Every structure is written in structure tokens, then in C-alpha cells.
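Inspection log for the structure reproduced underneath, given as C-alpha cells.
The values are calculated or read from the model by the stated rules, or taken from the named source; none is laboratory data. All values derive from a computational prediction rather than experimental measurement. Backbone-built Cβ (ideal geometry, glycine too); neighbour counts: all protein chains shown. For accessibility, only protein heavy atoms count, side chains too; no ligands or nucleic acids. Shrake-Rupley method; radii C 1.70, N 1.55, O 1.52, S 1.80 Å.
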Amino acid sequence: MPTGPDRAALECDLVMKGGVTSGIIYPGAIAAIAATYRLRAIGGTSAGAIGAAAAAAMEFGRRSGRHPGARERLERLALELGEQHGGAPLLQHLFEPDAATAPLFQLLRRLQAAAGRRGVAGVIGVLARAALCWAGLMLGLVAAALLWLEPTRGAALALALLLLLAVGVPALALLLATLLWSPVLRTGLRAIAANGYGFCSGAARARVAGETLPSLTEWLHARFQELAGLAADEPLTFGDLWAASHRGAGPTRDEALAAALRGAHDPRRPSPSLATIARDIELVLVASDISRAQSVQLPFQRREDLLYARRSDLAALFPPEIVAWMEHHQRAPTDPRDDLAGVALHDVDAGDMLRLPRPEDLPVLVGVRMSLSFPFLFRAVRLYVLRERAGALGGGRELAELWLTDGGITSNFPLHLFDAPIPTRPTFCLNLLYHDDELQPERVPAEAEAPDPGLAPADAPPEEMVYMLRTNRGRLANYTRLAGGSPVAQLLRFAGRIITTARQWGDNQLIDVPGYRDRIVHVRMRDGEGGFNFAMDAATIADLQRRGARAGEVIATRFVPDTLVDPLFAGEPLVLNWANHRFVRFRAFLAGLEVSAARFAAGWHDDRARAALPATDPLHQAPSIERMAAEAGTAAGESMPTRPGYPFANATQRALALDMAAGVESLAALAPTPAIDGVDRVNGRPGAPRPKQALRLRPSIDSDPRAELP
């Protein structure tokens, strides 16, 4: 690791991709990055949410002084998952099904083992082969009987083949029907539906050779508390992270938050709140609200929502310490609407409900569990929202279910988190690639000593299975082949790619954008690693740990300001460094701003010109936006026929708005000569980073109050 710069002054943000058991890579990577950088903002989805929370707990332990050795403890965390218990690693035992869903879960696990490493396609292949064997057996018995009864071999075989449709196909159908309607399957499907649509709550404990192992949420709670240096009955919360520097050995949590609020004095914002103060450690976890078909960034949800949870649901998902904390830190009913009197509860016991704590009081583990609710594997997290019913449903208010599930449904690799036009610190992104993922190779510069090796093959040593681009000319387009395997496997793969495209198209488009692609480190996994491979042995986990450590070391070293040699391509000068990254972001932002400013100016001029037309002209419109901006909310504006919504509050705000409009308007005429088309093009040739970024107004999915502040 570099030793030149002051490490205490180096800060970074970190984003991690989802991937079920692939997250084993993260502890080594985080520990390697944290050896050089202090982590400020951390985000992730699903397995990436676990990694992000562990990183935040580790940073809290260091920043508060409660656990100075938290980085070294985190570094060893993945190896703990490889420890054997009853012939299987701890990792596998953490994915323990609940009692009602266990029979079907174990059946599917045995089918997966029989299918080897071929996943769902292999499971279906096993079933298909069994069905064909059954059909073949029935056909063989019919043919043997006919041969015994009829010595004319040809006639008997012909008749046997004709009977295939009458006997063999029904036999196949009978086997499939038996499998589909077996008691195990029927009971299991009912149990999954009743268990929040998942096999595992995360709270079930495995019992192996007389030893009771911790459940997944118990293990995570213990590790987060250990890394943070907090007692088990004092859960690490998002507010703890925000005030980490005030949370030494002496101050209580409330005292630390009060100190953070006192230190947040800003003359521009005379009334700071915990939701808007600068935060020592930012943690953002992505989940999916499938009741309203939208992405959610925790700990904040829509600010107008009044959310509740059932005590019985919480008790089925979390350790007792978390449930007690949620009970004790319910949101105070300050909103007059926040009252269940007269509300339709739909057979829910009002005494079982508690108000969801405010964001600063929400335990980190609760946010993690919401984000990692992989569909059908983990039970979804059920909340309730107090809402107005549509008139067709009788009107009035109701307490309606709100189901939160895996964040990877909407954004499995949220690269967009923590972005800024000109970043003040790097945002490192850790990408996980499976054995059959490909990336478009980089165009190697003429001065390079060797061609870019791209992604290493699956049989390469761990340290070679880490990849980053080497120049600004590189591309990172994803590609996955469909060909190969049986027809069933091909159809399943095609269906899988459709689902992957629907889930990840937005994330994958950002992967190839300048200013994003140069800060992503890619880690390849071999066949049988990560994903749903729960039974990875200690050697495999240690191998993944080394890959993660190598990835963290490479990306951390590259962005240290005085690094001159590329740590990934031996002997080559470093091109994609911190200075290059900042300039690329600057160029990309200006190119997008130029387009937006030109389109704003065109619309502004057209609006002004149409307002000046005679009233008899069909293109006439009145008043102009400029006049509304100048007069709305004033005495002069009272005479206007149209009173627009959202008028400016005072003369200073109106003047600032018009000054901003004039400034944006002037950007469209900055090119000094005909030969210069702007910051993007000269003589008609593009020069700004491609793919070109666009600045467009769209609703933010981030409901964090700080996201709206300039």
C-alpha cells in the first residue's frame, strides 16, 4: 500500500453489487480499501447491502474509537463463513429454511446437487431425464409384451411405437403431475405463500451434530455490533453512523446526535434537523417496494408515508434486541393523520402494530434485511402504510400492506449513488462477474508493451481474476452468450437473460459511461462460485477472499494522488488516476449542460416571442414564463388572468430565478468563432466523452431530505 499521502486525509465512497453468496468477496476488498481510505458514503444492494453495512459498522468502530481494530476483524470475516459444521460450511447453514418450508427446500437442494453446477436448467434436466426414463420403461414393457405375444418382430415394434402416444406420453404426463401435485410440493407452496413468499425468514437456526448455530440475522447482528464496538442490546442505527465522530466511549447515542446537531450550524439553513445535517458516515441500501412497483433507498422512504410494522412480523425476522429497540423507538405521532381510529385494518390486530422508527432511529440490520430479501429464497419484509382508499373501495382510510423485497429487482448495482459533477472524493464500485460474463476488450494504445488481457479465464490464479480499464479508450459493454446445452437449457437461459435485462439495463448502461467505467473494479468468479452456491468449501471461500483483497488493493492504489505506475499492468504508467477521473467528469458534465442550456434557451426565446404576438394570432400565449416569474405572487401579478402554482416567496427569490435563467440562456452563445461549435465539438467533430451524458429532469428516487439541498 502507498505510504506517501496522509492516509487520514484520504476519503472515498463505496458501492457494491448484489449477488447472494458472491458477497463473500467484499470483506477482503473493503479491508484493503480501508487500509488507505476512510469510508464516507457506502451503498449496496442485497449481498452488497450486507457488505455495505459491515463496512459502515467497521468505519463507525474506527471513527468513534470504540473498535480500533475493526478493519482487521472485517478482513477475517469471510473466512469464518467457510468453517465446517457437520460437514457443511457455516455459509450454507445461514440459509436455513423455516420449519414449514424445509421439506420442499431440502427437495430442491437435493435436485440441485443431482444437477451439479447447472443451476435451474440442471434441475429441470434431472426431472426431464427421470420422466423420459419412466416413459421409456413403460414403452419397453409394452414392446416386450407384444414381442412375447407376437413373434413377428417388425409388427410388434411398429405397434409399440404407435402405442407411444397412448402409453409413453401419458406416462410422462403422469410423472410430471405426480411431481407437481405431490404432498411435499403442494404443502411447500402453501407454506411459502404463508411465509411471506420465501423459504427462509433469516431467523431459523440450524442444528448440526448437537450444535445450534446462529440464524442469519443473529449472525449479522452479532458481527455488526462487534465491528462497531456496541453492545448487543444497543443496535447500530443509521443515526449512529451520522454522528460517529461524536460517539466515543463516553457519550450516549442521544448525546452524540445532539452534539452533531449543535455542530451543524449553517447560516444558510438556520433550522438544521438530523435528516439534513452533514453525516460522518452515509449508508444507503436499495430495496424494492413491489406494492407500488418502485425502488427504495433506505433508511428514507417517501416522506409523506406513515409507516407501521407488526410486532409479530418483526419477531419472526429479527433477534429480540432489534424488536425491543423498534418497540421503544417508535415514531412519535406528530402528524394528526397518524391515528388508527376509524381506519380499516383488514382483520389486522391494532395492538400488534407499531409505528416504524424515524430514519435516524432505524437499526442498520432492518435496512439490510429489507434489501437482501431475494425473491422466494428469503421472506419479503411486510410493512403497512396508512393511506386513503379509492372511492370505488368505499373511501376512507386504510392500513394497507407494503411489501419490500430484494433491491436487485430494481437496481442490483446502484452506480449512481453519491455522484457529483465534480467529485471531491472517489466513489469506488465493486462489480461481480460470473464465469460466463464477458466484457468488450479494450483498444490498446500503440505505446503499450503488451495487449490488454481483459478478463482472465476461469482457471486463472485468483490475483489475475481482477480487472480494470487501463485507458480512456476502453469499453465495458457486457455480453453473455446464449448458445449451447439442451433445448430446455437454452430456453431457460433465454428467459433468464430477459429477466436480467429488465432488472439491470439501467445499471449496465452506466457501466460503460466515462466517469463511471474508470472507477469500477471487476472480479470474476468461476463456475460453481457465488450466486446460489451455498456449499462453497473453505478453500473456495479463501480463494474469493484473496480476489476481493486484490480488487480493493488495485482500485485503492490507483486513486491515491501520487501513484504513477499502474498496479494492475506492471511497468505501465497509470492513466486512469484521480486527476483523470475528475477531468473526465468535468468534461462530461459540461457537454451535457451545453445541450440542456441550448434547449432551455430555445424554449425560453420561443415562449417570450409567442407572448409578444398579437392576441389574434393562433400562436399567441400569455403570460410569458418570464412575466410570471417576475410578477407571480406580487400585486402586479394579481391582474394576470393566470395565477401559476408554486409562486416565488419573495423578491430575492424572484430575482435569483431570473438571473439563473439569464445565465443559462447565455451559455448557448459562448462559442467565439464559427470553427468552434462548443465544449463538445470543434469543426463538427465530437471531443467530449462518449457515450455522451444527458441532463434531464426526472423524479428522484432518493427521498433523503439532503438530496434536495443545493
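Assorted remarks:
Per-residue answers, yes or no, for (1) surrounded by 22 or more Cβ atoms within 10 Å (Cβ to Cβ); (2) within 29 Å of D289 (Cα to Cα); (3) small (G, A, S):
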residue	(1), (2), (3)
I24	yes, yes, no
A32	yes, no, yes
Y37	yes, no, no
G51	yes, yes, yes
A55	yes, yes, yes
S64	yes, no, yes
L74	yes, no, no
A78	yes, no, yes
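- Within the range 336-376, considering residues that are among the aliphatic types (A, V, I, L, M) and modelled with pLDDT under 90, the one nearest to D313 (Cα to Cα): V348
- Condition broken by D507, with the remaining ones in (1) more than 30 Å from G87 (Cβ to Cβ); (2) open to solvent by less than 20 Å² (accessible area, probe 1.4 Å); (3) modelled with pLDDT under 90; (4) touching a helix residue (DSSP H, G or I) at 6+ places or on another chain (Cβ under 9 Å) satisfied: (4)
- Within the range 544-563, the set of residues being modelled with pLDDT of 90 or more, open to solvent by 30 Å² or more (accessible area, probe 1.4 Å) and either outside any helix (DSSP H, G or I) or of a type outside the set (A, V, I, L, M, F, W, C) (or both) comprises R546, R550, E553.
- Here the range 390-412 is the region considered, the condition is being aliphatic (A, V, I, L, M) and assigned to a helix (DSSP H, G or I), and the residue that is modelled with the lowest pLDDT is A392.
- Answer from A256, A287, A275 - the residue that is assigned to a strand (DSSP E or B) and under 25 Å from Q225 (Cβ atoms): A287
- Residue match in the range 11-33 (condition: touching a Phe, Trp or Tyr at 6+ places or on another chain (Cβ under 7 Å), over 26 Å from R526 (Cα atoms), of a type in the set (D, E, K, R) and not in a loop (DSSP other than H, G, I, E, B)): yes
- Of A194, A264, A275, A249, all but one fail to be hydrophobic (A, V, I, L, M, F, W, C), modelled with pLDDT of 85 or more and under 28 Å from L362 (Cα atoms); the exception is A194.
- Selection status of L377, among the hydrophobic types (A, V, I, L, M, F, W, C) and in contact with a Cys (Cβ under 9 Å, 6 or more places away or on another chain): yes
- Candidate set from the range 574-623 (those that are surrounded by 12 or more Cβ atoms within 10 Å (Cβ to Cβ) and of a type in the set (D, E)); member that is nearest to D518 (Cα to Cα): E594
- Any hit, the range 182-199, residues being within 22 Å of the chain's Cα centre (by Cα), in contact (Cβ under 8 Å) with a residue 12 or more places away in the chain and under 14 Å from I322 (Cβ atoms): no
- Looking at G44, G18, just one residue is closer than 21 Å to P235 by Cβ, within 19 Å of the chain's Cα centre (by Cα) and open to solvent by less than 10 Å² (accessible area, probe 1.4 Å), and that residue is G44.
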